[in-house]
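Undergrad: Just passing along the structure, written as structure tokens.
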Amino acid sequence: MRKFPFLIVAGSFTAVIAAGAGAWHFFGPTGAQTSAKADKGELTTASIDARASKSNATEPPPRVQAVAAAPTAASIPAAPAVEKRPTIAKPVCNNPNALGVSRTVQIDTTGGPGLGLSQYRDYDFLQPGEVVLTFDDGPWPVSTPAVLAALSAQCVQAVFFPIGKHATWHPAILKQVIAAGHTVGSHTWSHKNLASRPAQEATDEIEKGISAVSMMAGTPIAPFFRFPQLRQTPELKAHLAERNIATFSIDIDSQDFKIHKPDALVTSVMTQLKKKGKGIILLHDLHKWSAAAVPEILNQLKAGGYKVVFIRAKDTLTTLPDYDAMVAAEVQPAKTSSNARPISSVVQNVE
Ligand SMILES: [Zn+2]
């Protein structure tokens, strides 16, 4: 029934695993469009911090595992059968003075741990001076490729949280993110504030987003999720826990939803970072001003002696068939009616 290439890839991938070939896997995003207006309600750092005390304190113990700095394909040992990530060679770095990735950590998402101290305090895994770069709301023409180019120039890798609809609009851009070896999670189907929606609608938004990003990526994605505007509910957090999906919050909000000048954005990020000393940084690859700020942010991170930590998942995320079907139905081209006559009998050149 399903005609999407990713399903074929997933099938052959399963076969590889079954053969005991110990595959490793990476994930990728795809693209499409949601209005930039959708982000006007993103939280400010202050409001996120205000909510932090209410966050769940009963997370299952997570396992944040240090991984030898970005392994090359040749150095990756045969993985246990539970590891489902495919082998992806470390991107070639041609810049000897690049910022680079100082270490890569792998997250076991069993039980749905939360990361990012603004909302989740259980897993404080970053050392002083360490940052994680995250980009939400892509994939988007021009701005996402610009972010990818800036990251590549400094040989750093990041975590992307694409929107499902955007992925269906711009799948080729999502595939570029994946091909560059970045981690790709998801960020709902259409970026609604899930805390203000009925539970079923909110769950549908999460799962449809996962199916859309996976389908457009053409490969399984990471079990990483970020709530739009960071607005969660206990019921939705429980759903993610049941699905073994880690939730990402933030430590440093660039505030690029309201700061539209690249220079001011750089100052916003670096000032907050200086104050907190480390953390998960939120930017949006949807915005051209954010993309324009990334090169200088990376320059200043290097100049300031900060270290970039890359996060990847231990396992990939399995989509739910019902939601795959929903997304597939939406991206099918419109069908012609069965009783249509040949074009030449209806439309004729007469002059
Ligand atoms: Zn967002």
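Undergrad: Please verify whether the stretch 117-136 includes one or more residues that are out of contact with any Leu (no Cβ under 7 Å at 6 or more places or on another chain), in a loop (DSSP other than H, G, I, E, B) and of a type in the set (Gly, Ala, Ser).
TA: Scanning the stretch 117-136 turns up at least one residue that is out of contact with any Leu (no Cβ under 7 Å at 6 or more places or on another chain), in a loop (DSSP other than H, G, I, E, B) and of a type in the set (Gly, Ala, Ser).
Undergrad: Starting from residues that are within 15 Å of the ligand (Cβ to nearest atom) and part of a helix (DSSP H, G or I), keep the ones in the stretch 213-229 and report whichever is farthest from Ala328 (Cα to Cα).
TA: In this case the residue turns out to be Gln229.
Undergrad: Give the stretch 104-114 a look and list any residue that's modelled with pLDDT of 95 or more and not in a loop (DSSP other than H, G, I, E, B), or say none.
TA: Thr104, Val105, Gln106, Ile107, Asp108
Undergrad: Quick one: would you say Ile280 is within 16 Å of the ligand (Cβ to nearest atom) and either of a type in the set (A, V, I, L, M, F, W, C) or in contact with a Phe, Trp or Tyr (Cβ under 8 Å, 6 or more places away or on another chain) (or both)?
TA: So Ile280 fits the description; yes.
Undergrad: Now for a different question. State whether the residues of the stretch 184-206 include one that is surrounded by 23 or more Cβ atoms within 10 Å (Cβ to Cβ) and away from the ligand (no atom under 16 Å from the Cβ).
TA: No, the stretch 184-206 contains no residue that is surrounded by 23 or more Cβ atoms within 10 Å (Cβ to Cβ) and away from the ligand (no atom under 16 Å from the Cβ).
Undergrad: While we're here: Filtering the stretch 156-173 down to residues that are surrounded by 22 or more Cβ atoms within 10 Å (Cβ to Cβ) and either under 10 Å from the mean Cα position of the chain (by Cα) or aromatic (Phe, Trp, Tyr) (or both), which residue is farthest from the ligand (Cβ to nearest atom)?
TA: Looking at residues that are surrounded by 22 or more Cβ atoms within 10 Å (Cβ to Cβ) and either under 10 Å from the mean Cα position of the chain (by Cα) or aromatic (Phe, Trp, Tyr) (or both), I get Ala158.
Undergrad: Taking interchain pairs and intrachain pairs at least six residues apart, which have beta carbon atoms under 6 angstrom, with the first residue in the stretch 212-231 and in contact (Cβ under 8 Å) with a residue 12 or more places away in the chain and surrounded by 24 or more Cβ atoms within 10 Å (Cβ to Cβ) and the second assigned to a strand (DSSP E or B) and not hydrophobic (A, V, I, L, M, F, W, C)?
TA: Val213/Ser186; Ala222/Thr183; Phe225/Ser186; Phe225/Thr247
Undergrad: Taking Ser152, is it part of a helix (DSSP H, G or I) and out of contact with any helix residue (DSSP H, G or I) (no Cβ under 8 Å at 6 or more places or on another chain)?
TA: When the stated conditions are applied, Ser152 passes them.
Undergrad: Take the conditions closer than 26 Å to Ser143 by Cα, of a type in the set (A, V, I, L, M) and surrounded by fewer than 23 Cβ atoms within 10 Å (Cβ to Cβ) and apply them to Val266. Does it pass?
TA: yes
Undergrad: Being surrounded by 21 or more Cβ atoms within 10 Å (Cβ to Cβ) and either without any contact (Cβ under 8 Å) to a residue 60 or more places away in the chain or assigned to a strand (DSSP E or B) (or both) is the filter here; which residues of the stretch 252-263 pass it?
TA: Residues satisfying the conditions are Ile252, Asp253, Ser254, Asp256.
Per-residue answers, yes or no, for (1) crowded, with 19+ Cβ neighbours inside 10 Å; (2) charged (D, E, K, R):
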site: Ala98; (1), (2): no, no
site: Thr109; (1), (2): yes, no
site: Pro113; (1), (2): yes, no
site: Asp122; (1), (2): no, yes
site: Leu133; (1), (2): yes, no
site: Asp136; (1), (2): yes, yes
site: Pro141; (1), (2): no, no
site: Val147; (1), (2): yes, no
site: Gln154; (1), (2): yes, no
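Undergrad: Tell me yes or no: at least one residue of the stretch 239-246 is within 13 Å of the ligand (Cβ to nearest atom) and more than 23 Å from Pro295 (Cα to Cα).
TA: Within the stretch 239-246 (the criterion being within 13 Å of the ligand (Cβ to nearest atom) and more than 23 Å from Pro295 (Cα to Cα)), the answer is no, since none of the residues qualifies.
Undergrad: Is at least one residue of the stretch 321-335 in contact with a strand residue (DSSP E or B) (Cβ under 7 Å, 6 or more places away or on another chain) and of a type outside the set (A, V, I, L, M)?
TA: Within the stretch 321-335 (the criterion being in contact with a strand residue (DSSP E or B) (Cβ under 7 Å, 6 or more places away or on another chain) and of a type outside the set (A, V, I, L, M)), the answer is no, since none of the residues qualifies.
Undergrad: Also, I was wondering about something else. Tell me the residue from Ala303, Ala292, Ala313 that is of a type in the set (A, V, I, L, M), at pLDDT 95 or above and open to solvent by 80 Å² or more (accessible area, probe 1.4 Å), please.
TA: Only one candidate qualifies: Ala303.
Undergrad: When residues of the stretch 114-136 are filtered for being in contact with a Phe, Trp or Tyr (Cβ under 6 Å, 6 or more places away or on another chain) and not acidic (Asp, Glu), how many remain?
TA: The qualifying residues number 6.
The values are calculated or read from the model by the stated rules, or taken from the named source; none is laboratory data. Keep in mind that what you see is a predicted model, and the values were worked out from it rather than measured. Here Cβ is always computed from backbone atoms with ideal geometry, including for glycine, and neighbour counts include all displayed protein chains. For the accessible areas, the whole protein counts, side chains as well, though only heavy atoms, and no ligand, DNA or RNA atoms are used. Shrake-Rupley method; radii C 1.70, N 1.55, O 1.52, S 1.80 Å.
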